[in-house]
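Encoded as structure tokens, the structure appears first; notes follow it.
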């Protein structure tokens with residue numbers, strides 16, 4: 001919504017109630033029910049909202065001051081939804097701010113929630129719990145929501161004393177795998193096809209022995225991950241705060257995660273190699289009928305050989321005819337320099353949204369008022385829930 005408005009906050013069904021899990025032991029006790037809910041939710045639940053992923057992300061990536069805040073929504077005694085959040089203090093605007101966010105927001109992609117029924121009812125109940133515990137958080141940031149998710153479409157309904165805004169977050173590109181590779185390639189632009197064939201021919205000339213080795217078994221995935229990390233350390237990512245092995249915590253997280261997924265046949269690591277030299281690598285995860293193209297890297301000494309581009313295209317080709325329906329190229333920030341390059345290969349793109357809520361009864365109230373004033377001066381649409 002635009003401008004200032006007072007809106008009656010919708011209420012959750014009286015049958016729904018929330019429990020907040022704040023310890024790892026509580027998560028472990030609830031694990032069987034969480035896993036059962038994820039199996040039931042075949043429409044909305046992502047890999048990044050599952051118990052196993054959330055637990056590993058928490059164990060490996062949380063900071064000392066972070067606190068679990070996992071909301072379980074129940075209908076009577078039966079759990080019907082999970083909203084996996086954490087309170088993560090960080091320095092913003094020259095002060096420590098208690099930020100509530102998805103646990104999987106660091107390394108996940110579109111984390112989301114688990115819902116046995118209509119997600120809107122789960123969100124609504126969860127927000128009542130968040131408002132009831134508003135003394136514990138200053139800022140709520142929900143990343144990579146779809147434009148029809150309840151927090152996006154109901155920005156004005158959070159109640160008195162909450163300032164909210166919605167912004168474009170990431171561009172999500174995906175490929176429909178249900179056709180043949182030849183038909184899909186023919187549907188790409190002439191320029192995309194020409195560049196692909198040129199890079200493929202160039203690699204054939206310079207490295208005629210090149211091949212792609214793909215690991216799927218647990219022991220092979222472990223070895224391939226070591227090779228991938230070695231490639232990443234020779235890539236531009238080595239000097240940037242991104243990547244699988246950007247620090248020891250993240251490397252350990254991915255070892256445990258990919259090891260677990262490999263036992264289920266849900267992990268693939270592809271290495272482009274020539275002779276005994278590894279030049280590029282790709283990490284993919286499988287979630288139901290979707291391939292998540294999670295990470296890719298190439299050694300910088302092979303920049304001129306376009307090994308990353310060739311590997312990316314060959315990974316796409318390999319998944320046609322696999323029985324899976326979608327290859328998710330994962331999200332890139334809106335404005336990312338490689339966004340258009342990725343979208344050349346996609347059959348569907350969409351923009352996700354980031355919802356930020358300022359708790360006006362906390363230390364960030366002056367910041368929220370400044371943001372609102374600046375937007376009003378600029379004539380930028382803003383959303384305000386309740387009265388500051």
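Each value in this text was obtained by applying a stated rule to the coordinates, not by laboratory testing. In this text the structure is predicted, and so the values were computed from the model without any measurement. With ideal geometry, Cβ positions are generated from the backbone for all residues, glycine too; neighbour counts draw on all protein chains shown.
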The chain: angle of helix 218-232 to the longest principal axis, Cα-based, in degrees nearest 10:
90
Take the alpha-carbon centre of the stretch 220-236, take the same for the stretch 11-73, and report the distance between them in whole Å.
31
One finds, for residue 223 and residue 179 with R0 = 35 angstrom and r their Cβ-Cβ distance, a FRET efficiency to the nearest 0.05 of 0.55
Ranked from fewest to most other Cβ atoms within 10 Å of their own Cβ, 61, 203, 47 fall in the order 61, 203, 47
Cβ-Cβ FRET estimate between residue 22 and residue 369, R0 fixed at 30 Å, reported to 0.05:
0.45
Tell me, 358, 69 in order of fewest to most beta-carbon neighbours within 10 Å?
69, 358
Binned at 10 Å from zero, the C-alpha pair distances of the chain give percents of 5, 21, 30, 24, 15, 6, 1
Packing-based order for 108-121, 168-181, using average beta carbon neighbours within 10 Å, highest first
108-121, 168-181
Relative contact order for the chain, counting Cα pairs under 8 Å that sit 6 or more residues apart, in percent
25
Students often check this: by mean Cβ neighbours within 10 Å, which of 237-245, 282-290, 79-87 ranks highest, and how do the rest follow?
79-87, 282-290, 237-245
Hey, in the GNM for the chain with a 10 angstrom Cα cutoff, which one of 247, 256, 278 fluctuates hardest?
247
May I ask for the angle, rounded to the nearest 10°, between helix 307-319 and the longest principal axis of the chain, with both axes built from Cα atoms and the value confined to 0 to 90°?
80
Relative to the first principal axis of the alpha-carbon coordinates of the chain, what is the inclination of helix 24-40, with its axis defined by its Cα atoms, in degrees from 0 to 90 and to the nearest 10?
70
Of all DSSP beta bridges having both residues in the chain, the percent classed as antiparallel (nearest 5) is 90
Each label point is 7 Å from the Cα along the Cα-to-Cβ direction; what then is the distance between the points at residue 263 and residue 317, in nm?
3.5
